[in-house]
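Trainee: This is the structure, below, for whatever I ask next.
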Amino acid sequence: MANGPLTATELDTIRTRHAEGKSLRSIAVELGRAPTTIGTHAKRMGLSWDAGRTAAATEAKQASNRERRARLIARLYDRADKIMDRLEAAEFKLVGMDKDGYARTNLVAADAIPGAEERALSGMVVNMLAGAARLEAVDQGANGAERAKGILGAFAVDLQAAYGQLSHTGSSPTAQAVLAETDETPDQ
């Protein structure tokens with residue numbers, strides 16, 4: 001922490017940050033000074049941190065956080081939709097290694113996406129929806145959280161049922177095995 005008298009620049013910073021609704025402690029951290037030093041000088045300048053001003057700053061921050069959560073929730077739902085589209089597509093991209101060790105990408109038409117890939121993508125969707133539900137619960141209170149858990153739980157059961165109806169063995173086929181089954185050859 002800095003020692004010595006406050007500079008004119010530091011005093012201006014205290015005035016500016018106080019007007020912005022910053023806390024005494026955050027100003028002290030920014031300036032590298034003790035909170036008591038900032039408090040003493042603020043008092044001399046006629047500045048105080050009353051409860052009403054702090055409450056207004058807190059409410060402004062909470063409103064900002066609500067807006068950020070809403071944007072994140074929308075992005076999580078959008079991303080989950082895109083992943084679900086990949087799960088339900090008639091074709092999927094398959095990356096495999098050819099005999100020379102080079103990666104080859106192929107579009108493969110198949111009845112179902114390979115098991116390991118489906119589990120990974122389904123897990124991503126569930127995690128994104130769970131995250132969105134938790135964020136929504138922050139602004140909805142306990143009743144909203146319980147409702148979101150119920151919706152998410154039902155979705156998870158449906159995903160598990162759909163996975164159980166697939167006609168795969170549960171093992172993840174290699175790229176070459178899927179290509180051989182579909183009579184495809186790697187892109188050259």
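No lab work stands behind these numbers, since they all come straight from the coordinates. Because the structure is predicted, anything quoted here is derived from the model rather than measured. Neighbour counts run over all protein chains shown; Cβ positions are idealised from the backbone, glycine included.
Trainee: How high is the FRET efficiency between Arg15 and Met84 when r is their beta carbon distance and R₀ equals 45 Å, given to the nearest 0.05? Intermediate results must be reported in sequence, preceding the final value.
Mentor: On the way: r = 53 Å, r/R0 = 1.18.
Between Arg15 and Met84 the formula returns 0.25.
Trainee: Normalised radius of gyration for the stretch 8-49, please: alpha carbon Rg relative to 2.2 N^0.38 Å, two decimal places. Don't skip to the end; give the middle numbers.
Mentor: On the way: Rg = 8.6 Å, N = 42, 2.2 N^0.38 = 9.1 Å.
Taking the Cα Rg and dividing by 2.2 N^0.38 Å, one obtains 0.95.
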